[in-house]
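Trainee: Structure below; questions to follow.
The values are calculated or read from the model by the stated rules, or taken from the named source; none is laboratory data. Bear in mind that the values here come from a model prediction, so they are computed numbers and not experimental data. Methodologically, a virtual Cβ is constructed for each residue, glycine included, from the backbone with ideal geometry; neighbour enumeration extends over all protein chains shown.
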Amino acid sequence: MATIIETNDTHLYYGKKEALKGISMAFTANEITALIGPSGCGKSTLLRTLNRMNDLIPNVTITGKITLNGQDIYAPEMDIVELRKEVGMVFQQPNPFPFSVYDNVVYGLRLAGIRDKRQLDEAVETSLKAASVWEETKDVLHQSALALSGGQQQRVCIARVLAVKPDVILLDEPTSALDPISSSKIETMLLTLKKDYSIILVTHNMQQAGRISDRTAFFLDGRLVEYTNTTKFFTNPSKQESEDYISGRFG
């Protein structure tokens, strides 16, 4: 399997506090990788390093190397707008823009200068279908996305990411604010999307990680404790800390 994103001895500091302690791992195409661990362990911090969202936080220092398709994403010549098009992000709380469903989905395409109506129309239908929300939105495309349910809003946000055809989709606890039915729809959708994307998912829900991920990475206190096949991780972890976390002894 081709490696899409790779981190090599990545450290991150908030001021003097070290939040990531030498993380080295590779993410491959057409797989879902789950990042798990207790609150404050570094999993969301790592996720945000992969498309430079931490650039928006003052007093952050990052060392080591992170590459996307072999290119150093922290190199001076890296175009951050292009990077975030290639590595899309979906947040914990649904965050549709206060526009219509249609305008939400085509937002990134318009930023890229695409104006052709037929092309935009096709992107809206294709992306909403891929995000499993076309049937629920096709008759309300020109109404506010904010009028949708939370689960529908989150799937529209995923469609917005898909419209610009990224290589990687980052998801930071995308179902934690949703009801079980909406969560199940998103899990099913992610299993379908992995045919075309590399998906990296932060989740507190170990059952979710077990259901949909191919590989699981367990973080503790800014360290990568274990990174392996998901079935092996949950049935035969190699580290005592992993076993203690899975069995509920802490976290």
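Trainee: In segment 74-108, what residues are aliphatic (A, V, I, L, M), touching a helix residue (DSSP H, G or I) at 6+ places or on another chain (Cβ under 9 Å) and either surrounded by 20 or more Cβ atoms within 10 Å (Cβ to Cβ) or assigned to a strand (DSSP E or B) (or both)?
Mentor: Across segment 74-108, the qualifying residues are 89, 90, 101, 105, 106.
Trainee: Considering only residues that are outside any strand (DSSP E or B) and of a type in the set (Gly, Ala, Ser), look in segment 1-23 and name the one that is farthest from residue 227 (Cα to Cα).
Mentor: 15
Trainee: Assess whether residue 213 counts as being surrounded by 15 or more Cβ atoms within 10 Å (Cβ to Cβ) and either modelled with pLDDT under 95 or of a type in the set (Ser, Thr, Tyr) (or both).
Mentor: Judged against the criteria, residue 213 is a match.
Trainee: In segment 192-205, how many residues are over 13 Å from residue 162 (Cα atoms), out of contact with any Pro (no Cβ under 8 Å at 6 or more places or on another chain) and crowded, with 18+ Cβ neighbours inside 10 Å?
Mentor: 3
Trainee: Among residues belonging to segment 216-246 that are β-branched (Val, Ile, Thr) and out of contact with any strand residue (DSSP E or B) (no Cβ under 8 Å at 6 or more places or on another chain), point out the one that is surrounded by the most Cβ atoms within 10 Å (Cβ to Cβ).
Mentor: 246
Trainee: Here's a follow-up. Among the charged types (D, E, K, R) and under 22 Å from residue 191 (Cβ atoms): which single residue out of 129, 138, 117 fits that description?
Mentor: Testing whether each residue is among the charged types (D, E, K, R) and under 22 Å from residue 191 (Cβ atoms) leaves just 129.
Trainee: Which one of these does residue 189 not meet: (1) under 14 Å from residue 34 (Cα atoms); (2) assigned to a helix (DSSP H, G or I)?
Mentor: (1)
Trainee: Moving on to the next point. Go through (1) in a loop (DSSP other than H, G, I, E, B); (2) in contact (Cβ under 8 Å) with a residue 60 or more places away in the chain and name the single condition residue 46 misses.
Mentor: (1)
Trainee: Looking at segment 63-85, I want the residues that are within 24 Å of residue 18 (Cβ to Cβ) and have a partner that is among the β-branched types (Val, Ile, Thr) and not in a strand (DSSP E or B) with Cβ atoms under 7 Å, at least 6 apart or on another chain. Which pairs are those?
Mentor: Qualifying pairs under 7 Å: 66/49; 66/73; 67/73.
Trainee: On to the next question. From 161, 156, grab the single residue that is in contact with a strand residue (DSSP E or B) (Cβ under 6 Å, 6 or more places away or on another chain) and closer than 19 Å to residue 187 by Cα.
Mentor: On inspection, the qualifying residue turns out to be 161.
Let's see how each residue does on (1) touching a residue at least 60 places away in the same chain (Cβ under 8 Å); (2) out of contact with any helix residue (DSSP H, G or I) (no Cβ under 7 Å at 6 or more places or on another chain); (3) in a loop (DSSP other than H, G, I, E, B); (4) of a type in the set (Gly, Ala, Ser):
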position	(1), (2), (3), (4)
170	yes, no, no, no
195	yes, yes, yes, no
231	no, yes, no, no
237	no, no, yes, no
248	no, yes, yes, yes
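Trainee: Filter segment 117-134 down to the residues that are hydrophobic (A, V, I, L, M, F, W, C), crowded, with 19+ Cβ neighbours inside 10 Å and in a helix (DSSP H, G or I) and list them by number.
Mentor: Scanning segment 117-134 gives 123, 124, 128, 130.
Trainee: Also, I was wondering about something else. Any chance segment 63-74 includes a residue that's over 23 Å from residue 187 (Cα atoms), modelled with pLDDT of 95 or more and in contact with a Ser or Thr (Cβ under 6 Å, 6 or more places away or on another chain)?
Mentor: Yes, segment 63-74 contains a residue that is over 23 Å from residue 187 (Cα atoms), modelled with pLDDT of 95 or more and in contact with a Ser or Thr (Cβ under 6 Å, 6 or more places away or on another chain).
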